[in-house]
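Nothing in this text is a laboratory measurement; each read-out follows from the coordinates by a stated rule. Fair warning: this is a prediction, and the values are worked out from it, not measured in the lab. Heads up, the Cβs are rebuilt from the backbone with ideal geometry, glycines too, and the neighbour counts pull from every protein chain shown.
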């Protein structure tokens, strides 16, 4: 085996180890993340990560050389690397006294670091494979890297919101400590009105940087209206909240109101066309809800064709 081929095997094993470790870490993160768009994104990425691990494993098998001591030695280290990554990602979530908001923020910070590691690993694998003339491995690495880059971008967008949630809870904790201290000083636990300054702060209003439409403030109402149909329900809510305090344009708010609706099922907006088609294949009863929702929102041809196939199958 040439030196380039050895590096390809090494990087494939490293990539597989990372995917295995992240599968465990993502399950842990999902378990402690409240329902919402961020949890839906984590659940989607868990499915992607499991698929990545299978694809890398299949490529390892295709390149395996019977009795190759180098490949065997690298494979021996794979489980250790996977366990190390899982241990690196999880423990901060278990800090005593940490709030749910703090745990979710710490998880998101760790997720950014893990995604950056994956991007670097697949970038190295892609270029080593191309240099060695292994186009199949290079294309595999480039494809998976693109998924990781999208996930890193999504998690990074969530960080300001998660940090503001932690800031709100910190203010509550300070107020509660001040109350307890004052009761001790006064020598009792007499009922009294809580000072207005210690009430829970209202959720921070979204800023232009939080919105899913880049350059929002520079766009016309017509431009914004044309981009709303592709947004998730949570993103529509963010745009609506921002618009209420920045222009309150009736054309935009009216369009948002027309688009607001319950998703066909929890986390629907975070799924790809392929994932929705897979879900439809498991539950024929969802087709009508998907058809109605898609017609009013994204109206994706791939989803609509899958819905029509489900309908025709059910009528047979």
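Arranged from highest to lowest average of other beta-carbon atoms within 10 Å per residue, in what order do the peptides 130-141, 115-126 appear?
115-126, 130-141
In nm, to one decimal, how far is the modelled label at residue 120 from the one at residue 305, with both set 7 Å along Cα→Cβ?
Output for this residue pair reads 4.1 nm.
For labels at residue 251 and residue 150 in the simple 7 Å Cα→Cβ model, what's the distance in nm?
With each label point 7 Å from Cα toward Cβ, the separation is 3.1 nm.
For the pair residue 157/residue 55, report the inter-label distance in nm, with labels modelled 7 Å from Cα in the Cβ direction.
Output for this residue pair reads 2.1 nm.
Would you kindly state how much longer the chain becomes between residue 99 and residue 217 on full extension, computed as 0.36 nm times their sequence separation minus their alpha carbon distance, in nm to one decimal?
Stretched fully, the residue 99-residue 217 segment lengthens by 39.0 nm.
Using the beta-carbon distance between residue 244 and residue 296 and R0 = 30 Å, what value does 1/(1 + (r/R0)^6) give for FRET efficiency, to the nearest 0.05?
0.85
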